[in-house]
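Structure first, then comments.
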2 protein chains.
Amino acid sequence: VGSAAPTFVNIWRTKQLEYSFRRGLMRSYKNFSICTQNALDYTCNFLQTDLSKYEKNKLLEAYSILPVFDDVEDSLKELRNFKDFKIFAFSNGLFENIKNLLIHANIYNYFDEIVSVDEVKSFKPDPKVYEYFLQKANCVSSQTWLISANPFDVIGAISADLNAIWVKRSEFDIFDPWEIKPTITIKNLTELYNVLKNRRRD
Amino acid sequence: VGSAAPTFVNIWRTKQLEYSFRRGLMRSYKNFSICTQNALDYTCNFLQTDLSKYEKNKLLEAYSILPVFDDVEDSLKELRNFKDFKIFAFSNGLFENIKNLLIHANIYNYFDEIVSVDEVKSFKPDPKVYEYFLQKANCVSSQTWLISANPFDVIGAISADLNAIWVKRSEFDIFDPWEIKPTITIKNLTELYNVLKNRRRD
């Protein structure tokens, strides 16, 4: 792939999400791993990158154990001080894939539970998956916070009446100019503890 | 915009479709003109292109009267020879906008009717909009052909049991590597008459 790597990764990620949106809208669910594989095939076709089955599998494997940002573990440790908050990993990925990712990143033990959209057979930002999350987590929406770097996830959560924090890691990150804004915007997870301390119920 | 024009147009179009997919999936409909405007604002923010309200309106106006490819009018003229086929314009756009576009391109009179997804408050490829089309056009799916250059539309139509022809105008156009393929692929609309002649019911 070489010097085209940033373009390659960008198209792969964009198509992966597009495929999840379209399959959700079509009510024609295939799990997120399939969307990821299809998007990889699309990217190779589009960029005329001739990868072997073996090379594609290597890329998918690398994707499945991506490292986390430096601020993540300390932030999770701090959040553990909130005895009245439970921490969930809530993702488009399959349960086993999320678990595997968290274990590889050495942060699995900070989470109370994992909730995968696969159990609903749709994708974020379908309102059904946020409703399912609340039911599964046994939470009321007004006391629930979604934390995400993805604007589509923040907009989806707020549409479903949750609170949502947008993690805008770079000044170049753009939030969709829609009618919905994040409840709070932060630069990284180091800010999370203070922000939530001031917002949690007494 | 200058030399960044192809990038600008590409991001604008990609976001416009993403917004329609997401709003459809969210069951939080805003019409396609709003999606187009929001996508234009996103593109300006992303590329840090400081356009005035006036300049944005000029772009939106130009977009609303895009010219058609050279093969379109002759093809429509030929299709008129099929007395048992009706010709519909079926689009994500608002009724008035589609009508305006067809009038500007001098092809309005070749169409029997216009069907806009706005009447369903969702977007392609939601199965609901194809079902609505069949009902509105009073057609059975097995005798209905969608003709589109957009793979997402072709996949959506075939999922809803219509036949679909993919117009692959460039050898670099990529079809999504999903489980669904076009019924027929053609290079341009000049091929349409012959293809449909061989497929229509007697």
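The values are calculated or read from the model by the stated rules, or taken from the named source; none is laboratory data. Note that the coordinates shown come from a computational prediction; the quantities given were computed from them, not determined experimentally. In this analysis, Cβ positions are derived from the backbone assuming ideal geometry, glycine residues included, and neighbour counts consider all displayed protein chains.
When the range B:105-129 is filtered for residues that are in a loop (DSSP other than H, G, I, E, B), out of contact with any helix residue (DSSP H, G or I) (no Cβ under 8 Å at 6 or more places or on another chain) and more than 14 Å from chain A (Cβ to nearest Cβ), only B:D112 remains. Filtering the range B:31-75 to residues that are in contact (Cβ under 8 Å) with a residue 60 or more places away in the chain and either of a type in the set (K, R) or within 24 Å of B:L189 (Cα to Cα) (or both) leaves B:F69, B:D71, B:V72, B:D74, B:S75.
Total residues in the range A:170-188 satisfying the condition of being closer than 17 Å to B:Q37 by Cβ and under 17 Å from the mean Cα position of the chain (by Cα): the figure is 3. Selection of the range B:1-18 for residues being touching a Phe, Trp or Tyr at 6+ places or on another chain (Cβ under 8 Å), free of Cβ contacts under 8 Å to residues at least 60 places away in the same chain and facing another protein chain (nearest Cβ under 10 Å) yields B:K15, B:E18. Within the range A:173-199, being at pLDDT below 95 and in a loop (DSSP other than H, G, I, E, B) holds for A:N198, A:R199. Just name the residue that is farthest from B:R27 (Cα to Cα) out of those in the range A:130-154 that are within 12 Å of chain B (Cβ to nearest Cβ) and surrounded by fewer than 18 Cβ atoms within 10 Å (Cβ to Cβ). My answer is A:N150.
Taken over the range B:19-62, the residue count meeting the criterion of being within 13 Å of another protein chain (Cβ to nearest Cβ), touching a helix residue (DSSP H, G or I) at 6+ places or on another chain (Cβ under 7 Å) and assigned to a helix (DSSP H, G or I) is 17. Do we find that B:I98 is among the aliphatic types (A, V, I, L, M), more than 14 Å from chain A (Cβ to nearest Cβ) and surrounded by fewer than 19 Cβ atoms within 10 Å (Cβ to Cβ) in this structure? So B:I98 does not fit the description; no.
The residues of the range B:77-104 that are among the aliphatic types (A, V, I, L, M), under 19 Å from B:S148 (Cβ atoms) and free of Cβ contacts under 8 Å to residues at least 40 places away in the same chain, listed by number, are B:I87, B:A89, B:I98, B:L101, B:L102. Within the range B:113-121, can one find any residue that is of a type outside the set (A, V, I, L, M) and farther than 17 Å from B:F95 by Cα? No.
Tell me yes or no: at least one residue of the range A:67-74 is at negative phi, within 14 Å of chain B (Cβ to nearest Cβ) and under 17 Å from the mean Cα position of the chain (by Cα). Checked the range A:67-74: no residue is at negative phi, within 14 Å of chain B (Cβ to nearest Cβ) and under 17 Å from the mean Cα position of the chain (by Cα). For the range B:165-187, the criterion of being buried (at least 20 other Cβ atoms within 10 Å of the Cβ) and touching a residue at least 40 places away in the same chain (Cβ under 8 Å) is satisfied by no residue at all. Considering the range B:157-190, and only residues there that are touching a strand residue (DSSP E or B) at 6+ places or on another chain (Cβ under 9 Å) and over 26 Å from A:R23 (Cα atoms), the residue that is farthest from the other protein chains (Cβ to nearest Cβ) turns out to be B:L189.
This table checks each residue for (1) under 14 Å from B:F32 (Cβ atoms); (2) in contact with a Phe, Trp or Tyr (Cβ under 9 Å, 6 or more places away or on another chain); (3) outside the structural domain of B:V195 (by TED's automatic domain parsing).
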| residue | (1), (2), (3) |
| --- | --- |
| B:S75 | no, yes, no |
| B:E78 | no, yes, no |
| B:N97 | yes, yes, no |
| B:I103 | no, no, no |
| B:N106 | no, no, no |
| B:E113 | no, yes, no |
| B:S116 | yes, yes, no |
| B:E119 | yes, yes, no |
